[in-house]
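Note sheet for the following structure.
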Amino acid sequence: MVLVHGCFWHAHDGCPRHTIPKTREEWWRAKIARNKERDAEVRAALEALGWTVFVVWECEVKSAGKLDELARTIKAAPSRRG
Ligand SMILES: [Zn+2]
C-alpha cells in the first residue's frame, strides 16, 4: 500500500513545505504531533493486517526519479501476502 502524505500535515522532516505557522504556533505543533501519532497508528494497523506500507511525500510526487525509486523499492520488497 502506498500512502501519499502532505508535507505540511504529516510533518515531513527537513522539508521546506513543513513549516509551523507563526500564529498559534503551539496549537499547530500539537496538531501536527497528533497527526504524526495517528500516522504511526495507521501504519501499525495496516502492517498488522499484512500490508506492506510505503510512504511517498507530496514534494516527491512530481519527481520522476523519486517515483522510479519507489517503484524499485516496491518491486524489491518481499511479498507478505504470499
Ligand atoms: Zn516534503
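The values are calculated or read from the model by the stated rules, or taken from the named source; none is laboratory data. In this text the structure is predicted, and so the values were computed from the model without any measurement. Cβ placement follows ideal geometry from the backbone for every residue including glycine, while neighbour counts extend to all protein chains displayed.
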**Fill in**
If we ask which residues in the stretch 1-44 are under 13 Å from residue 60 (Cβ atoms) and either more than 15 Å from the ligand (Cβ to nearest atom) or aliphatic (A, V, I, L, M) (or both), their number turns out to be 3
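Looking only at the stretch 45-81, filter to residues that are among the basic types (Lys, Arg), part of a loop (DSSP other than H, G, I, E, B) and away from the ligand (no atom under 16 Å from the Cβ); which one of those is modelled with the lowest pLDDT?
Here is the first cut: in the stretch 45-81, the residues among the basic types (Lys, Arg) are 62, 66, 72, 75, 80-81.
In the following step, the residues that additionally are part of a loop (DSSP other than H, G, I, E, B) were identified as 62, 80-81.
Going one step further and asking which of them are away from the ligand (no atom under 16 Å from the Cβ), we end up with 80-81.
Working: 80: 62, 81: 58.
Among them, the one singled out is 81.
With respect to residue 11, determine if the residue is out of contact with any Cys (no Cβ under 8 Å at 6 or more places or on another chain) and in a loop (DSSP other than H, G, I, E, B). Quick ask: steps written out before the conclusion?
Numbers: out of contact with any Cys (no Cβ under 8 Å at 6 or more places or on another chain): yes; in a loop (DSSP other than H, G, I, E, B): yes.
Yes: the conditions hold for residue 11.
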**Asked** Has the stretch 41-55 got any residue that is surrounded by 11 or more Cβ atoms within 10 Å (Cβ to Cβ) and over 27 Å from residue 79 (Cα atoms)?
**Response** no
**Message:** Given the criteria in a loop (DSSP other than H, G, I, E, B) and surrounded by 11 or more Cβ atoms within 10 Å (Cβ to Cβ), does residue 27 qualify?
**Reply:** no
**Fill in**
Conditions (1) exposed (fewer than 13 other Cβ atoms within 10 Å of the Cβ); (2) assigned to a helix (DSSP H, G or I) -> residue 32 fails only (1)
